[in-house]
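Trainee: I am attaching a structure below and will ask some questions about it afterwards.
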């Protein structure tokens with residue numbers, strides 16, 4: 001199995017809803033780090049899973065969309081608590097819509113909200 005990955009960092013704001021999480025219920029920022037990794041058994045005719053330039057461009061669009069915003073205000077988070085779990089899935093869905101996936105394989109999104117806490121979402125393409 002081959003793997004290719006790209007990482008980007010950005011700051012975004014959010015506040016948690018639906019429970020009593022103290023200061024997390026008020027708007028605050030996180031220094032997010034997102035890692036996109038793609039796994040598949042087959043390379044394309046150029047020896048790539050996905051051209052890393054394509055991955056970087058897609059991730060750049062996604063990061064630009066979320067950078068310096070309040071996640072709660074984005075339509076993707078309507079009715080959702082803007083947890084890193086939901087956020088990692090949303091990023092994964094956006095990546096799948098922006099890249100040409102190499103047939104069968106796995107797209108992983110790992111999202112840190114600080115140096116020690118992260119969540120991930122994994123999508124298998126069959």
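The values are calculated or read from the model by the stated rules, or taken from the named source; none is laboratory data. Everything numeric in this text was worked out from a predicted model, so none of it was measured. Here the Cβ is made from the backbone with ideal geometry for all residues, glycine too, and neighbour counts use every protein chain on show.
Trainee: All but one of (1) crowded, with 16+ Cβ neighbours inside 10 Å; (2) out of contact with any helix residue (DSSP H, G or I) (no Cβ under 9 Å at 6 or more places or on another chain); (3) closer than 21 Å to residue 4 by Cβ hold for residue 58; which doesn't?
Mentor: (2)
Trainee: Could you please tell me which pairs satisfy a Cβ distance under 9 Å, a separation of 6+ or placement on different chains, a first residue in segment 112-126 that is on the phi < 0 side of the Ramachandran plot and part of a loop (DSSP other than H, G, I, E, B), and a second residue that is at pLDDT 95 or above and loosely packed, with under 13 Cβ neighbours inside 10 Å?
Mentor: 113/31; 114/31; 115/31
For (1) surrounded by 14 or more Cβ atoms within 10 Å (Cβ to Cβ); (2) out of contact with any strand residue (DSSP E or B) (no Cβ under 6 Å at 6 or more places or on another chain); (3) farther than 17 Å from residue 13 by Cα, each residue gets a yes or a no:
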{"position": "48", "(1), (2), (3)": "yes, yes, yes"}
{"position": "53", "(1), (2), (3)": "no, yes, yes"}
{"position": "62", "(1), (2), (3)": "yes, yes, no"}
{"position": "94", "(1), (2), (3)": "yes, yes, yes"}
{"position": "101", "(1), (2), (3)": "yes, no, yes"}
{"position": "120", "(1), (2), (3)": "yes, no, yes"}
{"position": "123", "(1), (2), (3)": "yes, no, yes"}
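Trainee: Okay, next question. In segment 59-101, what residues are over 17 Å from residue 32 (Cα atoms) and under 11 Å from the mean Cα position of the chain (by Cα)?
Mentor: If the condition is that a residue be over 17 Å from residue 32 (Cα atoms) and under 11 Å from the mean Cα position of the chain (by Cα), then 93, 96 are the ones that fit.
Trainee: Going through segment 7-33 one residue at a time, which ones are part of a strand (DSSP E or B) and either touching a helix residue (DSSP H, G or I) at 6+ places or on another chain (Cβ under 6 Å) or more than 18 Å from residue 93 (Cα to Cα) (or both)?
Mentor: 8, 9, 10, 11, 12, 13, 14, 28, 29, 30, 31
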